[in-house]
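A quick write-up on the structure given underneath.
Nothing in this text is a laboratory measurement; each read-out follows from the coordinates by a stated rule. For clarity, every value in this text was computed on a predicted model and none was experimentally measured. When we count neighbours, we look across all protein chains shown, and the Cβ atoms used for this are built from the backbone with ideal geometry, even at glycine.
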Amino acid sequence: MKHQSAPFFSLPDQTGTVRSLSEFKGQKILLYFYPKDMTPGCTTETLGFQDLKSEFEKYNTIIIGISKDTIASHVKFCDKYNLNIILLSDTDATTINDYGVWKEKKMFGKTSMGISRESFLVDENGMIVKHWDKVKPATHPNEVLEHIQSI
């Protein structure tokens, strides 16, 4: 999916405001897809991005998290951890499917469908310039920041 137009999205954030890809033209966007609010890995990854938010902003980069969680769930997540990054609610998984991150997952010997923890860096012109498909929640935010600093 690298070096192709980022699939369009128009989804509500934790405040209920509908945010779309075109709103961020002229800025880089780090779109990170995560399985579920309040779970250990997702919390670790989100807090990592939150902690580095001002560093990303120095490089004209907006951080946006996307999951199937509801707006109400995002509100609780933001309130509990004092988050101020954009979290989008994709309850029908349209954008999740558009980015190809709805995948078969295996856990404890059971197979199910779910969101694969993956991230996409979208450039100022709406092109995907980097795709991370093997994400470790604890180290990924720094990994992404280092990549952005290097380009």
> List the lysines whose alpha-carbon lies under 19 Å from that of Lys134, not counting same-chain residues fewer than 8 positions away?
Replying inline: Lys2, Lys36, Lys103, Lys105, Lys106
> Nearest 0.05, what FRET efficiency do Ala72 and Ile151 give at R0 = 41 Å with Cβ-Cβ as r?
Replying inline: 0.65
> From the backbone phi of the stretch 105-118, what are the Karplus-calculated ³J(HN,Hα) couplings (6.51 cos²θ - 1.76 cosθ + 1.60, θ = phi - 60°) in whole Hz, Gly and Pro given as x?
Replying inline: 10, 10, 9, 6, x, 9, 10, 8, 8, x, 7, 7, 6, 9
> Considering only the other residues whose Cβ falls under 14 Å of the Cβ of Asp92, what net charge follows from Lys and Arg at +1 and Asp and Glu at -1?
Replying inline: -2
> Taking only DSSP H segments of four or more residues, each worth -39500 (n - 2.57), what value at 222 nm results for the chain once the sum is divided by all its residues, to the nearest 500 deg cm²/dmol?
Replying inline: -9500 deg cm²/dmol
> Given H placed on each backbone N at 1.01 Å, which residues far from Met127 in sequence or on other chains put an amide H within less than 5 Å of it?
Replying inline: Ala6
> Taking θ as phi - 60°, what are the ³J(HN,Hα) couplings along the stretch 141-150 by the Karplus curve (6.51, -1.76, 1.60), each to the nearest whole Hz, with x for Gly and Pro?
Replying inline: x, 5, 4, 5, 4, 4, 5, 5, 5, 8
> Can you give the Kirkwood hydrodynamic radius for the stretch 4-150, in Å, rounded to one decimal and based on Cα pairs?
Replying inline: 15.3 Å
>> Just to be sure I understand: of the beta bridges DSSP finds with both ends in the chain, what percent are antiparallel, rounded to 5?
In response: 70 percent
> What net charge do the residues around Glu124 carry, taking every other residue with its C-beta under 9 Å from that of Glu124, with Lys and Arg at +1 and Asp and Glu at -1?
Replying inline: +1
> Under 5 Å between amide H atoms, partner at least 5 residues away or on a different chain: which partners does Ile62 have, H built in plane at 1.01 Å?
Replying inline: Lys28, Ile29, Leu30
> Quick one: Karplus J couplings for the stretch 90-101, per residue in order, coefficients 6.51, -1.76, 1.60, θ = phi - 60°, nearest Hz, x for Gly and Pro?
Replying inline: 10, 4, 9, 6, 4, 5, 4, 5, 4, 8, x, 9
